[in-house]
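Any read-out appearing in this document is the output of simple, stated calculations on the displayed coordinates, not a laboratory observation. The structure presented is a predicted model; accordingly, all values stated were derived computationally and were not measured. Quick reminder, even Gly has a Cβ in these numbers, built from the backbone with ideal geometry, and neighbours come from all protein chains shown.
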Amino acid sequence: MAQRAYYEPGANGVERLPTALSMFHASPLVMRAAHWHAQVEINYIVQGWAHYRMSGHTVRFDAGDLALFWGGLPHCLDDASEDLVYAGGHLPLVHFFRLRLPQDVQSKLMQGATLVTKATDASDALNFARWNDYASSGDPMMAGMAVDELLLRIERVRFNPYELLPGPDDVVSAVDGLDHHSSPIVVRICDFIADNFREDIDSGDIARAADIHPKYAMNVFKKSTGMTLNDYVNLMRLSYAQALLMQEDANVLQVAMDSGFGSLSAFNKSFRKIAGMSPTDFRRDVRCRPNVSKALRVHGRGVMN
């Protein structure tokens, strides 16, 4: 029996700049260990099934399922059918908070829930394939259309039955509207952090950019995302640092500085908190893994988890 191939983060650059939309349409490999990224992940199962180990729960997605979950918490595709094909994307928070979803859904997703709906049809497979092509075309207008159309598709979830896991087995009814006052504020906050997370910024800088009081900025962001402003800035920096550490000539101190951390000790502390290992160990682990780029090419383009 042939040895099972595994997804290796360093082989295909999945952890990219956390402010960019990344789309995929492929047959993924299962993962050896959990990873994270500072975007909300969308999965549409074209065929087969996928089993994820999330933070605090497990979930299986079957053919035709559409799912959303917060990638900022460690998660792992730990099992899948041999014929699995899935599509979707990594959606930056600046786009996520523009969605017209019920406020309770947004908050629960940010706190680790997984949204799953079976209310899909054949058009979804065609649309996700097209959005992947548009997003990778290099054409800014096509990439923008991919974002706009994807957001509209996600917003339609509220009009059909869906589940929030973990939770009761009964279907959740979407009855509450968005908080139209706080959502634009969160968008402005995310915009500023996306442009400046590698700089020395604090809550005062963020609040001024959003034209609100620092205490109000912290309260609104915490209520909407379940994270403090500092936690989110650090998550953006850590996601960016992951990609830098995967490069052959990565220097841990330089990565810490380039990612926006003021000191190596602060970088090590934050990295250990989310990865469970030091940046040095993470870099060594990536370099010691076998090169599976050939396997990834066989399994399709844009492989992500």
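Descriptive notes on the structure:
- Taking the centroid of alpha carbons for each part, the stretch 201-217 and the stretch 234-282 are 25 Å apart.
- Across the stretch 86-112, the residues whose backbone nitrogen lies under 11 Å from the label position 7 Å along the beta-carbon direction of GLN47 are 86.
- The stretch 184-293 - charge dipole about Cα centre, Lys and Arg +1 at Cβ, Asp and Glu -1, debye rounded to 20: 460 debye
- Taking θ as phi - 60° and the Karplus parameters 6.51, -1.76 and 1.60, the scalar couplings of the stretch 220-233 work out to 5, 5, 5, 5, 7, 10, x, 10, 7, 4, 5, 4, 5, 4 Hz in sequence order, x denoting glycine and proline.
- Annotation for GLU155 and HIS57: the two label points, set 7 Å from Cα along the Cα-Cβ direction, are 2.7 nm apart.
- FRET efficiency, TYR216 to LEU264 (Cβ-Cβ, R0 35 Å, nearest 0.05): 0.55
- Beyond 22 Å in Cα-Cα separation lie the following of the pairs LYS215/LYS269; LYS118/LYS223; LYS108/LYS223: LYS215/LYS269; LYS118/LYS223.
- Label positions at GLN254 and GLN111, each projected 7 Å from the Cα along the C-beta direction, are separated by 4.3 nm.
- Considered as an equivalent ellipsoid built on the Cα gyration tensor, the stretch 51-104 has semi-axes of 23, 14, 11 Å, the largest given first.
- HN-Hα J in Hz across the stretch 155-164 - Karplus 6.51, -1.76, 1.60, θ = phi - 60°, x for Gly and Pro: 4, 5, 4, 5, 8, 10, x, 8, 10, 10
- For the stretch 248-258, Karplus couplings with θ = phi - 60° (6.51, -1.76, 1.60), whole Hz, Gly/Pro x: 4, 9, 5, 10, 4, 5, 5, 4, 4, 5, 5
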